[in-house]
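Every number here is computed from the coordinates shown, using simple stated rules; none is lab data. Keep in mind the model is a prediction, meaning the values are calculated, not measured. Backbone-built Cβ (ideal geometry, glycine too); neighbour counts: all protein chains shown.
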Amino acid sequence: MTDEVPSQSRFFIRMGGKGWMVYDRERRGPALIGTDMAANLTKERAEQLLLLLMPSRAEKPRATNEGGSRA
């Protein structure tokens, strides 16, 4: 049996040199949104951009209801 490490999200918010940024683990730097880097942002704007970059919640399995069936 192999021990699987929980996968980390590709993107996360962190403090940058002049403000907040959305960090891209694959790029090892600020995320690119179009041709703009997601850096030097307010924390609120970084959170908004992070939500745009994250997979849709609609793609995740739904929680079960009290009866145990799919909702």
Sequence ranges 10-20, 27-37, ranked by mean other-Cβ count within 10 angstrom, highest first: 10-20, 27-37
Amide H partners (placed H, <5 Å) of residue 23, local residues excluded: 12, 13, 14, 31
Local electrostatic count, residue 21, Cβ distance below 15 Å [Lys/Arg +1, Asp/Glu -1]: +3
From phi via Karplus (6.51, -1.76, 1.60), per-residue ³J(HN,Hα) for region 19-29 in Hz, x at Gly/Pro: x, 8, 9, 9, 8, 10, 5, 6, 7, 6, x
In sequence order, calculated HN-Hα J values of region 31-41 (Karplus, 6.51, -1.76, 1.60; Hz; x Gly/Pro): 5, 9, 10, x, 10, 9, 7, 8, 9, 6, 10
